[in-house]
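First the structure, in the form of structure tokens, and then the observations on it.
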Amino acid sequence: MNESEFDHLAENTMTAIEDAIEDCGVDIDYDNAGGILTLEFENGSQIIVNKQAPLTQIWVAARSGGFHFDYDPCEKCWKLPSNGEELFSCLSRYCSEQAGESVQLSV
């Protein structure tokens, strides 16, 4: 994947995350600046999602740790290389943990 393809895929994913946050029904604030998406919860905790162009990855930093997602062109989604878990599934879990209530994010 070249840099232009990565940037297009990553930007579309960031927008999809924002849309999913809007649609989830849980009070989560977000800000997207300079390719860094910050999700902020009522308790003051945050989840940071950012693009890592040199590695063609999306990185997520949450209370539970730091995670690096690779794009799977066959399934057309971002996945953890360690276990194949999909980005939106992971974000739903991380957000649920930090919001203290069930959060379901989907594309």
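Against the criterion of being of a type in the set (A, V, I, L, M, F, W, C) and either surrounded by 12 or more Cβ atoms within 10 Å (Cβ to Cβ) or in contact with a helix residue (DSSP H, G or I) (Cβ under 8 Å, 6 or more places away or on another chain) (or both), Ala33 does not qualify.
Yes/no matrix, rows are residues, columns are (1) closer than 18 Å to Asn12 by Cα; (2) over 10 Å from the mean Cα position of the chain (by Cα):
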site: Ser64; (1), (2): no, yes
site: Tyr71; (1), (2): yes, yes
site: Cys74; (1), (2): yes, yes
site: Ser82; (1), (2): no, yes
site: Glu85; (1), (2): no, yes
site: Leu91; (1), (2): yes, no
site: Gln98; (1), (2): no, yes
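Considering only residues that are polar (S, T, N, Q) and either farther than 18 Å from Glu11 by Cβ or modelled with pLDDT of 95 or more (or both), which ones fall in the range 46-55?
In the first step, residues of the range 46-55 are kept if they are polar (S, T, N, Q); the result is 46, 50, 52.
Once the filter is applied, which keeps residues that are polar (S, T, N, Q) and either farther than 18 Å from Glu11 by Cβ or modelled with pLDDT of 95 or more (or both), the range 46-55 yields Gln46, Asn50.
Need pairs with beta-carbon distance below 9 Å; first residue acidic (Asp, Glu) and within the range 78-90, second in a loop (DSSP other than H, G, I, E, B); sequence gap 6+ or separate chains. From residues that are acidic (Asp, Glu), the pairs are Glu86/Glu75; Glu86/Leu80. In summary, strands (runs of 3 or more DSSP E) completely within the range 46-107 and bearing 1 or more residues that are of a type in the set (Phe, Trp, Tyr) and surrounded by 19 or more Cβ atoms within 10 Å (Cβ to Cβ) occur at 65-72, 77-79.
Number of residues in the range 1-26 that are part of a loop (DSSP other than H, G, I, E, B) and touching a residue at least 60 places away in the same chain (Cβ under 8 Å) equals 3. Taking into account only those residues within the range 63-76 that are in contact (Cβ under 8 Å) with a residue 24 or more places away in the chain and in contact with a strand residue (DSSP E or B) (Cβ under 9 Å, 6 or more places away or on another chain), which is nearest to Met1 (Cα to Cα)? Filtering first and then ranking leaves Tyr71.
The values are calculated or read from the model by the stated rules, or taken from the named source; none is laboratory data. This one's a predicted model, so the numbers in the text were calculated from it and none came from an experiment. Note that each Cβ is placed from the backbone with ideal geometry, even for glycine, and that neighbours are counted across all protein chains shown.
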